[in-house]
């Protein structure tokens with residue numbers, strides 16, 4: 001059975017099209033299919049709408065409501081933990097990735113061609129002002145964090161149970177789920193697709209979230225900031241030594257009568273800022289290490305519902321439970 005995980009956040013407008021697309025996937029899979037919707041603390045009516053509509057849908061479904069917004073990666077992990085299938089796929093609720101991509105990735109898994117399949121964007125229909133920052137973001141990501149990352153990045157993927165189990169063992173806080181996929185290795189295949197233009201609402205993937213995602217990826221998967229800090233410190237030390245020699249020689253030769261006030265202030269400010277910058281980098285690593293020692297859950301499921309078409313026809317009811325009861 002294929003389990004499809006869909007994180008939902010501010011997607012109220014796209015839910016009718018999403019449910020229609022999922023129903024089409026269910027028909028194409030001949031019923032060996034379940035969907036896990038994860039409401040990631042969405043402030044709109046996504047949870048209420050899905051709670052009321054899912055019992056009448058023709059596919060088996062699970063609905064998870066997280067206690068707050070934990071982020072898309074935490075929502076995906078929660079969905080993977082709740083899924084019961086042998087193969088797993090992740091799909092975005094905004095439908096910018098073609099739904100047929102799920103079946104294409106599942107075919108690769110069923111044929112045992114790979115343990116994990118990542119969808120690679122060959123093109124995108126986003127506006128130019130949205131494409132350029134994305135290209136710069138993923139270019140930097142490939143250069144300094146994960147060289148194997150496709151040029152357009154990865155938003156959706158599919159995997160088998162063995163890979164899912166290993167992925168869920170990585171309980172790192174403030175990390176990148178996509179980078180973890182590449183770190184794990186296994187047999188990996190790429191599937192190309194053209195990203196569609198968003199038809200409903202606006203993206204919640206803001207610049208602040210992109211910067212946080214990039215910093216989490218950098219601090220979790222590379223020591224580049226530390227190496228840059230060491231090289232910068234070494235370079236500045238050499239320049240300072242050369243400057244000291246030049247000042248001493250000038251003083252001996254009588255070229256300097258009064259020590260320069262401006263140069264002294266500039267040096268103090270520069271090295272003070274450099275010191276604070278270095279402490280910030282080291283502190284970022286230390287803080288993430290401290291966060292991981294707390295062993296807090298990556299997400300908290302407030303309520304969960306399960307709906308089965310067969311049980312609806314036979315008993316006229318669905319099951320639901322609350323994590324706080």
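The values are calculated or read from the model by the stated rules, or taken from the named source; none is laboratory data. As the structure is a prediction and not an experimental result, all values here were calculated from the model. We place every Cβ from the backbone using ideal geometry, glycine too, and count neighbours over all the protein chains shown.
Here is how the numbers come out for the structure above:
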{"read-out": "Qualifying helices (runs of 4 or more DSSP H) (wholly inside segment 1-111; at least 1 residues being within 16 Å of residue 304 (Cβ to Cβ) and in contact with a helix residue (DSSP H, G or I) (Cβ under 6 Å, 6 or more places away or on another chain))", "value": "46-53, 72-82"}
{"read-out": "Segment 22-44, residues that are crowded, with 18+ Cβ neighbours inside 10 Å and over 21 Å from the mean Cα position of the chain (by Cα)", "value": "22, 25, 26, 33, 34"}
{"read-out": "Hey, residue 119 over 21 Å from residue 148 (Cβ atoms), within 22 Å of the chain's Cα centre (by Cα), crowded, with 17+ Cβ neighbours inside 10 Å and in the same structural domain as residue 6 (by TED's automatic domain parsing) or not", "value": "no"}
